[in-house]
């Protein structure tokens, strides 16, 4: 048996294919990149080919690959205390809780730790039901909240359907998708039916039966949908009217991705809970977090918290997160997301104007996407985009494609020159879709 770092690209892929499953895939159709090393915004495969990472792996590697401060923090913590019982207090756990309270909005000051975004949402469901004594949870159709039993029930998109029946008690509602308004309006004629619709669904479901409304700060994998500026504030008002908790799923949109610590900060809204993961450690070690308001935290001072996980408060993950949050501040990554994000938005608008197949571009900070269509008039999608995906990969660009949407979600340390490098490849790939326009 060969040792680590001795395998060829073909051998790495063969071993992975034979002995492991790849998620969200028909296994025989998977063609994985055999990644072996990485640095900053780039990674290399076992053949030495370099890729520009335009989706921060899975929208989580916000600080870039192999940041030495975080790598060092993991090494030092592993040498001292690699694991502790979740009922014990550790220094990294306490320090991380304090740091999260410092950057979270309003009175969200206490955190329950888990391993990822799905677990954070699972525990948000449990806490919301325990705190309110109500059962129902409202979530949007164009949403993804995780693949575990409760989280997939919250999820509105097609990934929920193959595993139904899922957890009962979830009610879905329509989205504030301005490019494809489900209520038939345009941006110029908008009546904010998307907000009135939320209130209407509440009335049908019973205001006194709804524990919480959960929404992604900015919708992520379902097409990067940015809500109108008054959407979050007005949903907050609706929740307050009926005593419904408001939960912001910031797994993808948090940790500087939109130029703010959390996406809801763009609209000065304080939810009752924030669920997060991904960028909290930039993916270096698995970690999820459920951050709650002082009122919710106080409730469990004298009530049993029926939540628990073997790896809750894992010292290695917490140490990585402490260092990661320091990197965001010390390296000015939120500021860079704003500065380079403005440049990215300008470039995306230029690409939209130059290509018949680009129907819409959406961007906030370094969270952006291009929607590919057959006609700008009819908005008929070009879906799927296999030839585009092949071209990007062949030319050294790695990014996420969802149906007819190409994502541009690079590490927050990216430069304008590196943005241009990646967009030049996308610009060439779009000649393929321009040829498919009606």
**Prompt:** Which condition number in (1) in contact with a strand residue (DSSP E or B) (Cβ under 6 Å, 6 or more places away or on another chain); (2) touching a residue at least 60 places away in the same chain (Cβ under 8 Å); (3) over 16 Å from residue 109 (Cβ atoms) is the one that residue 254 fails?
**Reply:** (2)
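Residue by residue, here is whether (1) at pLDDT 95 or above; (2) surrounded by fewer than 11 Cβ atoms within 10 Å (Cβ to Cβ); (3) not in a loop (DSSP other than H, G, I, E, B) holds:
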{"position": "14", "(1), (2), (3)": "yes, no, yes"}
{"position": "33", "(1), (2), (3)": "yes, no, no"}
{"position": "38", "(1), (2), (3)": "yes, no, yes"}
{"position": "57", "(1), (2), (3)": "yes, no, yes"}
{"position": "61", "(1), (2), (3)": "yes, no, no"}
{"position": "69", "(1), (2), (3)": "yes, no, yes"}
{"position": "79", "(1), (2), (3)": "yes, yes, yes"}
**Request:** Answer yes or no as to whether residue 50 is out of contact with any strand residue (DSSP E or B) (no Cβ under 8 Å at 6 or more places or on another chain) and either surrounded by 11 or more Cβ atoms within 10 Å (Cβ to Cβ) or at pLDDT 95 or above (or both).
**Result:** no
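When only residues in the range 369-382 that are in a strand (DSSP E or B) and out of contact with any helix residue (DSSP H, G or I) (no Cβ under 6 Å at 6 or more places or on another chain) count, which is surrounded by the fewest Cβ atoms within 10 Å (Cβ to Cβ)?
Quick first cut of the range 369-382, residues in a strand (DSSP E or B) only: 369-373, 381.
Now drop any that are not out of contact with any helix residue (DSSP H, G or I) (no Cβ under 6 Å at 6 or more places or on another chain), which leaves 369-371, 373, 381.
Working: 369: 25, 370: 26, 371: 23, 373: 23, 381: 16.
Among residues in the range 369-382 that are in a strand (DSSP E or B) and out of contact with any helix residue (DSSP H, G or I) (no Cβ under 6 Å at 6 or more places or on another chain), the one surrounded by the fewest Cβ atoms within 10 Å (Cβ to Cβ) is 381.
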**Request:** Determine which member of the set 133, 184 is out of contact with any helix residue (DSSP H, G or I) (no Cβ under 8 Å at 6 or more places or on another chain), closer than 20 Å to residue 273 by Cα and surrounded by fewer than 19 Cβ atoms within 10 Å (Cβ to Cβ).
**Result:** 133
**Asked** What number of residues within the range 383-438 are in contact (Cβ under 8 Å) with a residue 60 or more places away in the chain, part of a strand (DSSP E or B) and within 20 Å of residue 354 (Cβ to Cβ)?
**Response** 4
**Message:** Take the conditions at pLDDT 95 or above and either crowded, with 24+ Cβ neighbours inside 10 Å or not assigned by TED's automatic domain parsing to the domain that holds residue 155 (or both) and apply them to residue 206. Does it pass?
**Reply:** no
**Asked** Do we have residue 348 as part of a helix (DSSP H, G or I), within 26 Å of residue 258 (Cβ to Cβ) and not assigned by TED's automatic domain parsing to the domain that holds residue 252 here?
**Response** yes
**Lone unmet requirement of (1) surrounded by fewer than 16 Cβ atoms within 10 Å (Cβ to Cβ); (2) within 30 Å of residue 418 (Cβ to Cβ); (3) in contact (Cβ under 8 Å) with a residue 40 or more places away in the chain; (4) not assigned by TED's automatic domain parsing to the domain that holds residue 365 for residue 74** = (1)
**Request:** Please identify the pairs in which a residue from the range 155-170 that is on the phi > 0 side of the Ramachandran plot has its Cβ atom under 6 Å from the Cβ atom of a residue that is assigned to a loop (DSSP other than H, G, I, E, B), counting only partners at least 6 apart or on another chain.
**Result:** 169/135
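Conditions (1) farther than 17 Å from residue 239 by Cα; (2) outside any loop (DSSP other than H, G, I, E, B), marked per residue:
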residue: 134; (1), (2): no, no
residue: 138; (1), (2): no, yes
residue: 144; (1), (2): yes, no
residue: 147; (1), (2): yes, no
residue: 152; (1), (2): yes, yes
residue: 162; (1), (2): yes, yes
residue: 167; (1), (2): yes, no
residue: 175; (1), (2): no, no
**Prompt:** Is it the case that the range 318-330 has a residue that's closer than 30 Å to residue 65 by Cβ, over 22 Å from the mean Cα position of the chain (by Cα) and part of a strand (DSSP E or B)?
**Reply:** no
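The values are calculated or read from the model by the stated rules, or taken from the named source; none is laboratory data. Computed from a predicted model, the values in this text were never measured in an experiment. Note: ideal-geometry Cβ built from the backbone for every residue, glycine included; neighbour counts use all protein chains shown.
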